[in-house]
Amino acid sequence: MKTTPYLLLLIGLLNLLTFSSCSDDDKGISADTNIPITGYWQIAGTSIENGADINGDGAVEGIVVHDDGTVSEWQYTQTSEAPFNLGYKTGTWTIDNNHYVMLLSKGNGKHYTVTVAGNNNEKMYLAFNGKTSVVPLYRIQHLPGDGDSMMEMMAQMKFSGIQMSDLAGYWELTSNDYPNGVGNGIYIDEQGNVSNVTQIYGAFNYNKIDYHSGKVSTPDGHLVFPYSGTDYYLYAISKDILLATANGQKVEKFVRKDVPNEITRIEEVISSKVPEQLIGTWETTHYKILADGQTIIDEDIIPSSYYSTYNKLSFSRNHTVNQYSTYDTDYHNSYYFTVEGNNLLTSSSLNGLVSPGSDYSKKEQIEFISDTEMTLTHDQGGSQTAIYTYHKIQ
């Protein structure tokens, strides 16, 4: 399925109106405005099988005249990649004296003015620039392919007045092979922050989250969000479907899915409160190693000696910790951390905090903490446990 808001679907028809025409009355069909034009219409045939492909491009096309004074253009291509094109409500119709008048989209906000020159509720002829087409539109009961369901879907969507609350949630991109989502998508929160989500398969199956990697923007009044390195312009949205275009032509479909657990857990981490006693800068003062419960190393650490076990950690309220180098105390690496119970988990990314194995992470236990002293233990494997004592220096 492809939904195309600015596609010039009726160019072929309008060319026929220009180069092949007849008078208003030579078909013996009145332009009586008492006969309704609302409904489905197809150009030059009543079905795909009997000659509706007037352009020779393997497609049939037509219009849908809606009750609310709008007109949609449609084209059925029968191709597997994009079986349907739809310019949903890109045109309008009114009554001018004794004729129906349609404005059909050229794109870029411009329109063709087309008059209904004849209509008997089965056939309809259009006039353009004073010339009437010899090619009729036939009333049909159903659109080809999945056109009816597509039209129903579009009728339930919002094209204007869209709020951030409409966008909030997790949306997965779809494809013809994966109409329920390809596994990758975006999470948009109430503040318009965008997090890209990518499924990772391997020893650990998890969702990789690029948390708050982008932001919904509003250039020229359009809602735009980044996805996979490309800016997508929002076209329409409903409770469960989001349509957006990256190039102004082909509109991609996203479907609402349950928010991934990784997103929920990251937000729980970010919103959790860091223990007040932990905030500040800590310097190692003592180092001990136990093997099978027996002490094999027990030494004080003198920072000025640049002992290999010297460590300095600076914890902040925003769940980041700076770890300073053993040999260059002006250099540091930044990590994320969280505290659950007496467990201190540190990782190179938010992913590592919620998906162990996805990135570097380290788990320690806070055995003791006061306003000035802290003891951390770490299981080093092979029955060995490292114990670090820290002193708060600021």
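Listed values, structure above:
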item: Length added when fully stretched, F159-H286, from 0.36 nm per residue minus Cα-Cα; result: 39.3 nm
item: Carbon plus sulfur fraction of accessible area for segment 219-356, probe 1.4 Å, in percent; result: 46
item: Potential lengthening between N120 and I35 on full extension [0.36 nm per residue; Cα-Cα distance subtracted]; result: 29.9 nm
item: Candidate lysines for bridging to K363, where Cα separation is under 25 Å - those fewer than 8 sequence places away on the same chain excluded; result: K208, K273, K288, K312, K392
item: Pairs from K131/K250; K89/K253; K110/K239; K131/K158; K106/K239; K89/K250 whose Cα-Cα separation, in the structure shown, is over 25 Å; result: K131/K250; K110/K239; K131/K158; K106/K239
item: Pairwise FRET efficiency - Q141 versus K239, Cβ, R0 = 35 Å, nearest 0.05; result: 0.75
item: Taking all pairs of distinct alpha-carbon atoms in segment 220-359, Kirkwood radius in angstrom; result: 19.3
item: Pairwise FRET efficiency - S316 versus A386, Cβ, R0 = 25 Å, nearest 0.05; result: 0.55
item: Pair E276, S334: separation of 7 Å Cα→Cβ label points (nm); result: 2.6
item: Per residue, in Å², the accessible surface of segment 128-243 once ligands and nucleic acids are set aside, probe 1.4 Å; result: 50
item: Sparsely packed chymotrypsin sites (Phe, Trp or Tyr not before Pro) within segment 329-394, loop by DSSP, other Cβ within 10 Å at most 13; result: Y331, Y360
item: GluC sites (Glu not before Pro) within segment 183-284, DSSP loop, no more than 11 other Cβ atoms inside 10 Å; result: E190
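The values are calculated or read from the model by the stated rules, or taken from the named source; none is laboratory data. Owing to the predicted nature of the structure, the values given are computational and were not obtained by experimental measurement. Glycine also receives a Cβ, built like all others from the backbone with ideal geometry; neighbour counts cover every protein chain displayed. Only protein heavy atoms, including side chains, enter the accessible area calculation; ligands, DNA and RNA are left aside. Shrake-Rupley method; radii C 1.70, N 1.55, O 1.52, S 1.80 Å.
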